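Student: After the structure tokens below, expect a handful of questions from me.
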Amino acid sequence: MDKKLTKISKFMSLVLRHKPETISLVLNEAGWGSVEKLLRGCNITLQELEYIVENDNKKRYEFNSDKKLIRASQGHSINVDLGYSSKTPPEILYHGTVERNSDSILRNGLNKMGRIHVHLSSDEKTAINVGSRRGKPVIFEVSALKMYHDGHIFYISTNGVWLTEKVPKEYLYVKETK
């Protein structure tokens, strides 16, 4: 994606996940907002928006069936119900973070902080990419299936990110990275 569209994609992430009021966009309870208003607020064409949605490396955005509405797939700090059904996770999921966060995570577990869910990945490579964004990565293995059997609920977003409310510290293990 070129620099202009990358900048717009980041702005869309802000608008669709955290601050729709920035462009006077109203999201419904499921996080859907008007494509027409988003186009005006971002000063882009439908073709540019379609390109961003299709080519976003994390597949953050999705259209409804008639492309009149758009939403972020996960990562919201505002209260939305994305309508995902509870799913049985794989035995292990991963969470990537930067080294400076690891002591706190080992003490307190993974918390959603300002978001609706903790984000987990099904593959270590994705966790490494996430953890590498702001420094040296630390990768945690999450005993997800054990958590599930102990009563914790998991969801999977349309872009493949696993979501849960919290990961208590007893389900976390530091994964040695190469």
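Student: Among the lysines, select those whose C-alpha is under 16 Å from the C-alpha of K10, and discard any that sit fewer than 8 residues away in the same chain.
Tutor: K19, K58, K59
Student: Once every Cα of the chain carries one equal point scatterer and solvent is ignored, give the base-10 log of I(q)/I(0) from the Debye formula at q = 0.11, 0.15 Å⁻¹, two decimals.
Tutor: -0.51, -0.89
Student: Taking segment 1-71, which GluC sites (Glu not before Pro) meet the DSSP loop condition and have no more than 13 other C-beta atoms within 10 Å?
Tutor: Passing sites in segment 1-71 are E29.
Student: Name the chymotrypsin sites (Phe, Trp or Tyr not before Pro) in segment 51-116 that are in a loop by DSSP and that have at most 16 other C-beta atoms within 10 Å, would you?
Tutor: Loop-located and lightly packed - Y84.
Student: Right, something else. Pairs of alpha-carbon atoms within less than 8 angstrom and 6+ residues apart define the contacts here; what relative contact order does the chain have, in percent?
Tutor: Relative contact order for the chain comes out at 21 percent.
Student: Could you tell me the center-to-center distance, by alpha carbons, between segment 5-25 and segment 52-89 in angstrom?
Tutor: Centre-to-centre distance over Cα atoms comes out at 14 Å.
Student: Another question about this same structure. Mind running the shape call on segment 1-74? Use the C-alpha gyration tensor, a ≥ b ≥ c as the square roots of the eigenvalues: rounded below 1.5 for a/c, prolate if a/b tops b/c, oblate otherwise.
Tutor: rounded
Student: My understanding is that a pair violates if its Cα-Cα distance is over 26 Å; which of K87/K112; K112/K146; K7/K166; K3/K175 do that in this structure?
Tutor: Pairs exceeding 26 Å: K7/K166; K3/K175.
We did not get these values from a lab; they are worked out from the coordinates using the rules stated. These numbers were taken from a predicted model, which means no experiment stands behind them. Positions of Cβ are generated from backbone atoms using ideal geometry, with glycine treated the same way; all protein chains shown enter the neighbour counts.
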